[in-house]
Amino acid sequence: MGWLRGVGRRRRDLGPVAAGLALFGFGLAEIYVPLAPYVEGDGPDLTELSDGWMAVLTVLLAGYCLAVAACGAYPRVAVVLAGVCFIAQSFTPLLPESPATPLTALIVVCFACVAMGGRHGPAIAAVSYFVSAGIETTIADEPDWAFIAFVALAVMGPAYAVRMRRAQVERLVALAAERETAARTDERLRVARELHDIVSHGVAVMVLQAGAAQVMLGSDARQAHESLDAVQEVGRDVVTELRRLLVVLRGEGSLERLPSLRHLEPLLTGVRAAGVRVDVTANGDLGRVPAAVDVSGYRVLQEALTNVVKHAPGVTVSVAIDVGHTDLRIHVVNDGPRIVRRSDGSGLGLTGISERVELFGGTATTGPGKGGGFEVRVELPLSGNSAAPMPSSTGASV
């Protein structure tokens, strides 16, 4: 499509050039092949003009046509050039009001300057037109300001409407570009969040299992092998999730493999393999939860369990999932110490939970539990009136 736009742009650039050449041919016919008014005495007899005056008129004609040819690319320069030529011809035996070419050229370039001449285009066009037309009528001793004003309104009025239309189109194009940039930024953030959800959970489990294998390697080889097998299994899951995300980013995602709160066993298996005991209670019909809310609820739960694996290994976690009439509620609490070990990270996990919930207009509360440990409470509306887009097969927004 790029070459088509290029062809269209070249055609627009060649249009004024073709108009200028056509006007030049018509003007030569007016000068060197005088029509009836000049022969019958209503205008000057061009056959009696000297070669010098004919050369001057030809140069001025070339100036008019050059102004028309350049009015698309350089409208302000073109209107000044046409005005200068119009004034100069006012001092020749052939006034610019007699042939059609001078006035036609001046009107065309004034229209172009008003429509496309930038911030000062209308003012430059108005000065060039009124000054040149005023000087010409003064020299001709026939000042007709009513006609001059009528022509100005007839030409510059529509030109100004075109100018406003072009400005509106430019604003819409700029707005579309801003929205596209914002959409790209949002998409990068969503992908980054999805990568964090996928990698953070898997890597945390693998690190703990690898550490356990290292401890057990000398004393309990069977347990060490089991830990290494768990590392391998979690690694495969992470690779699978990453492949799914890449498939979605290529636009080939399928809704058949959406993470769901109805299928928590793979997630819970990895967490339990890391030494964390998890009890899950689900109330309500998870089947009526919209897909976007379901995937986000799954990711919130995944992040909450990953935080437990990282900061409070060995504790017991209680998970309550409740599907109400208007919202989905998820409550995750562990029985660990009130003050748990913090990682060296920047707390992106909890931030990611808050961002996901905010997309749906929900609420998220995180902090130490009343009876010790740490808890995460999330409420996600089921109405679907959220700003969140439909998730892909990995939960990535598309």
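What follows draws every value from the coordinates through simple rules; no lab data is involved. No experiment lies behind these values; they were computed from the predicted model shown. Glycine also receives a Cβ, built like all others from the backbone with ideal geometry; neighbour counts cover every protein chain displayed.
Label sites at Arg262 and Arg179, each approximated as a point 7 angstrom past Cα along Cα to Cβ, lie 3.5 nm apart. Under a 5 Å amide H cut-off, with hydrogens placed 1.01 Å from N, Arg262 pairs with nothing among residues at least 5 apart or on other chains. Under 5 Å between amide hydrogens, built in the peptide plane, is the criterion, and for Val278 it picks out Val317 among residues at least 5 positions away or on other chains. Here the 3J(HN,Hα) profile of region 305-311, calculated from phi with Karplus coefficients 6.51, -1.76 and 1.60 at θ = phi - 60°, is 5, 4, 4, 5, 4, 6, 9 Hz, Gly and Pro shown as x. Residue ranges 64-75, 221-232, 168-179 sort as 64-75, 221-232, 168-179 when ordered by packing (mean number of other C-beta atoms within 10 Å per residue, highest first).
As an exercise, use a Förster radius of 25 Å and the Cβ-Cβ distance of Arg119 and Val84 to find the FRET efficiency, rounded to the nearest 0.05.
Values: r = 22 Å, r/R0 = 0.88.
Once rounded, the FRET efficiency stands at 0.70.
The phi-based Karplus calculation (6.51 cos²θ - 1.76 cosθ + 1.60; θ = phi - 60°) puts the 3J(HN,Hα) values of region 127-140 at 5, 4, 5, 5, 5, 5, 5, x, 5, 5, 5, 5, 5, 6 Hz, whole numbers, x for Gly and Pro. Once the other residues with Cβ under 14 Å from the Cβ of Ile87 are scored (Lys, Arg +1; Asp, Glu -1), what is the net sum? Result for the neighbourhood of Ile87: -2. For Ser318, neighbours were defined as the other residues whose beta-carbon sits under 10 Å from its Cβ, and their charges (Lys and Arg +1, Asp and Glu -1) total -2.
Once the chain from Asp141 to His325 is taken as fully extended at 0.36 nm per residue, the excess over their C-alpha distance is 57.4 nm. Our summary gives region 90-188 a relative contact order of 30 percent, counting only alpha carbon pairs under 8 angstrom and 6 or more residues apart. Residue-wise HN-Hα couplings along region 163-178, as the Karplus relation 6.51 cos²θ - 1.76 cosθ + 1.60 with θ = phi - 60° gives them from phi, are 4, 5, 5, 4, 5, 5, 4, 4, 5, 5, 5, 5, 5, 5, 5, 5 Hz; Gly and Pro carry x. Ordering of 104-115, 273-284, 368-379, 88-99 by packing is 104-115, 88-99, 368-379, 273-284, highest average first (other Cβ atoms within 10 Å, averaged per residue).
Can you pull the one-decimal nm distance between simple spin-label points at Glu48 and Thr351, each 7 Å off the Cα toward Cβ? With each label point 7 Å from Cα toward Cβ, the separation is 9.0 nm.
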